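I have placed the structure first, in the form of structure tokens, so that the comments after it can refer back to it.
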Amino acid sequence: MFIRFITTGGTIDKVYFDALSQFEVGDSPIRQMLTEGLVAFDYDVVPLLQKDSLEMTAADRTLLHEYIAGDDADRYVITHGTDTMPQTAEALVDLDSKTIVMTGALTPARFRTTDAVFNVGMAVAAVQTCAPGVYIAMNGQVFPAGAVRKNREENRFETL
């Protein structure tokens, strides 16, 4: 089995810069997470974007869509910022011959206490077991695209 990981940025990839006193999107830690997780499947990591999801544009979503549509893999895990993940998932729903699972984190993967590793693990399990389609794996659940939203007040994803 082969899984293509596509990184687009978001909190999962954020790093802290003392001089700026803010978080910024940095290089994705996904390859390190997979290595440390001792995964036993073939994979590739494609760093497509490095953006906060609030900065994602229609052109960015088109770039992601076109990349997947033209690619030969059939299973994808996409790391993405949580604020606009549902919108990006909906932009990919017509890629119905592929299994696409989006995930991210509510705290950066580089933090000692983070949901990133758990969410990536959920996404890897989902991409292997779900039927072709687009899904979001967050907070220990898998949601179909178009049926999920981020609840900012509760800091979690939930069914619409």
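Of the strands (runs of 3 or more DSSP E) that lie entirely inside the range 67-160, those containing 3 or more residues that are crowded, with 17+ Cβ neighbours inside 10 Å and modelled with pLDDT of 95 or more span 75-79, 99-103, 133-138.
Restricting the range 17-43 to residues that are outside any loop (DSSP other than H, G, I, E, B) and hydroxyl-bearing (S, T, Y), which is modelled with the highest pLDDT? Looking at the filtered set, the residue picked out is Y43.
The set of residues from the range 45-66 being surrounded by 16 or more Cβ atoms within 10 Å (Cβ to Cβ), among the charged types (D, E, K, R) and not in a strand (DSSP E or B) comprises D52, D60, R61. Tallying residues that are touching a Lys or Arg at 6+ places or on another chain (Cβ under 9 Å) and not β-branched (V, I, T) within the range 91-110 yields 8.
The values are calculated or read from the model by the stated rules, or taken from the named source; none is laboratory data. Every value quoted in this text rests on a predicted model; they were computed, and no experiment measured them. In this analysis, Cβ positions are derived from the backbone assuming ideal geometry, glycine residues included, and neighbour counts consider all displayed protein chains.
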